[in-house]
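Below: the structure, in structure tokens.
The values are calculated or read from the model by the stated rules, or taken from the named source; none is laboratory data. Remember, it's a predicted structure, so these values are computed and weren't measured experimentally. Note that each Cβ is placed from the backbone with ideal geometry, even for glycine, and that neighbours are counted across all protein chains shown. We work out accessible area using only protein heavy atoms, side chains counted, and drop any ligands, DNA or RNA first. Shrake-Rupley method; radii C 1.70, N 1.55, O 1.52, S 1.80 Å.
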Amino acid sequence: MSGQAMRNEPVSGIPRTLFGPEHELFRDTVRRFLEAEILPYHEDWEEARLVPREAWLKAGETGLLGTSIGEEYGGSGAGFLFDVIVLEELGRSGATGPGWDLHAYIVAPYIEKYGTEAQKRRWLPAMSAGKAIAAIAMTEPGTGSDLKAIRTTAIRDGDDYVINGSKTFITNGINADLVLLVTKTDASLGARGISLFLVDTKTAGFRHGRNLKKIGLKAQDTAEMFFDDVRVPATDMLGEANDGWRHLMDELVQERLVVAVRAMATAEVALEQTVAYTKDREAFGHKVFEFQNTRFTLAQLATDIQVGRVFTDRCIALHAEGRCDAATAAMAKLWVTELEGRVLDACLQLHGGYGFMWEFPIARAWADSRVHRIYAGTNEIMKEIVARTL
Ligand SMILES: Cc1cc2nc3c(=O)[nH]c(=O)nc-3n(C[C@H](O)[C@H](O)[C@H](O)COP(=O)(O)OP(=O)(O)OC[C@H]3O[C@@H](n4cnc5c(N)ncnc54)[C@H](O)[C@@H]3O)c2cc1C
């Protein structure tokens, strides 16, 4: 097996079949880019609690942000398998600061699918180049899981809408130039009164709130947003009025797979790191790896990871063909992030005290990944989605 294949099949006895040579070339580009432009600075960005815009511009130049965006709008139109490669390399490298997944593989597809020509021309080339940074704002202080209970309103006034409300926990919330905003255009209608807007954060009445302090993802800006009489033209609505819920439900499939893909890669690399660590570390005159507890724990994790990898790859393949349904995406997000949690906790334990030290990748991964069971819909909500189909 080549070194390259080894790197992408960490514990697998079952070969991955998703990728061809063009994907692996791109993977090398992404990996080299992360090693040169991201990893050396990541710790500083954790202190700053922000990834600087220059890093976004460089990622844009290297083609990392345009894989989901059509060539006519400045992207490569390469498709979901290329998104997956960036996600996996971010997961493997522990580069959890850049919120590219949300920007490029979650927000961009909304605009690509539901945007008018003018909206696409306005935002997609700038997003692909990393010149405009995007966020998606669904969650509010009073509601997260119960999305249809949001209270941010957009009220029609002539040719405009006037937006009032607040959002919280918004990834890229400080850097954002563009917010894909979830509002109620008809508060009496529940889910059927939801509409989406593309809001330029330079618009009067928009305000960033605090950059929130978190237990992980420390280099990522996660912020509050306030909208006080923000007046936007009706042409800034994304999709039809009161049709937002349908678009959200459709696009949450990809959002949940994005989380599952990263979680799977994070679990795999944690196992590799822990095998290496326990083969090096000694206790009672033995390598830690030689204790039966260590071997059995790692063997169980390797088995679980192999099962997870096959399942995840199948979901990726289905989604690349446009055939992954909402329940399957929910299962992937639920199962893989629970697996990731088990793997990281056990691997941290096998590192002993060093596992608790921030300078060790396993400590960071443990803290950074905890949110995978919470955002993009909590894992309890994933069970609800699956249960509805039974
Ligand atoms: C780091 C970070 C980044 C985020 N980024 C974004 C972003 O970019 N954009 C955005 O819009 N949001 C974002 N979020 C918000 C995230 O999606 C929400 O936190 C999440 O959906 C849960 O909502 P909540 O926090 O209001 O929890 P709640 O909905 O209050 O849930 C609290 C608990 O109740 C449980 N619960 C709720 N309803 C049910 C039910 N029906 N059955 C069983 N249990 C239930 C939940 O599972 C959870 O355990 C982010 C959050 C974090 C922490």
Given charges at Cβ of Lys, Arg, Asp, Glu: the chain dipole, positive-most of 354, 104, 63: 354
Of the listed peptides 334-340, 145-151, what is their order by residue-averaged count of other C-beta atoms within 10 Å, with the highest listed first? 334-340, 145-151
Coarse-grained scattering of the chain at q = 0.09, 0.11, 0.15 Å⁻¹, given as base-10 log I(q)/I(0) from a Debye sum over alpha-carbon atoms: -0.52, -0.77, -1.41
Ranked packing of 20-33, 53-66, 256-269, most packed first, by mean Cβ within 10 Å: 256-269, 53-66, 20-33
Rounded to the nearest 10, the angle in degrees between the Cα long axis of helix 379-388 and the longest principal axis of the Cα atoms of the chain comes to 70
³J(HN,Hα) computed for each position of the stretch 251-263 - Karplus, 6.51 cos²θ - 1.76 cosθ + 1.60, integer Hz, glycine/proline x: 7, 5, 4, 5, 4, 6, 5, 4, 5, 4, 4, 5, 4
Can you compute the helix-only [θ] at 222 nm over the chain? Use -39500 (n - 2.57) per DSSP H run of at least 4 residues, normalise by all residues, nearest 500 deg cm²/dmol. -15000 deg cm²/dmol
Keeping every protein chain present and rolling a 1.4 Å probe, give me the accessible area per residue for the stretch 127-184 in Å². 35
Within the accessible area of the chain, what % is carbon and sulfur when the probe is 1.4 Å and the other protein chains stay in place? 55
Tilt, helix 21-33 to longest principal axis of the chain (alpha-carbon atoms), in degrees rounded to tens, equals 90
Length-normalised contact order of the chain, Cα under 8 Å, at least 6 apart, in percent, tallies to 16
Note, ³J(HN,Hα) from phi for the stretch 127-140, Karplus 6.51, -1.76, 1.60, rounded to Hz, x at Gly and Pro: 5, 4, 7, x, 7, 10, 9, 10, 10, 10, 10, 10, 5, 10
What is the angle, in °, between the Cα long axis of helix 326-350 and the longest principal axis of the Cα atoms in the chain? Nearest 10 is fine, range 0 to 90. 40
List every residue whose amide H lies under 5 Å from the amide H of residue 212, counting only residues 5 or more places away in sequence or on a different chain, with H placed 1.01 Å from N in the peptide plane. 222, 223, 224
Give me the percent relative contact order of the stretch 103-196, please, defined on Cα pairs under 8 angstrom at least 6 residues apart. 27
For the stretch 1-158, the Cα convex hull volume per residue in Å³ comes to 170
With no solvent term and unit scatterers on the alpha-carbon positions of the stretch 237-389, Debye gives log₁₀ I(q)/I(0) at q = 0.08 Å⁻¹ of -0.28
When only Cα pairs under 8 Å and 6 or more residues apart are kept, what is the percent relative contact order across the stretch 182-223? 25
Proximal lysines relative to residue 214, as straight alpha-carbon distance under 25 Å, when same-chain residues fewer than 8 apart are discounted: 167, 333
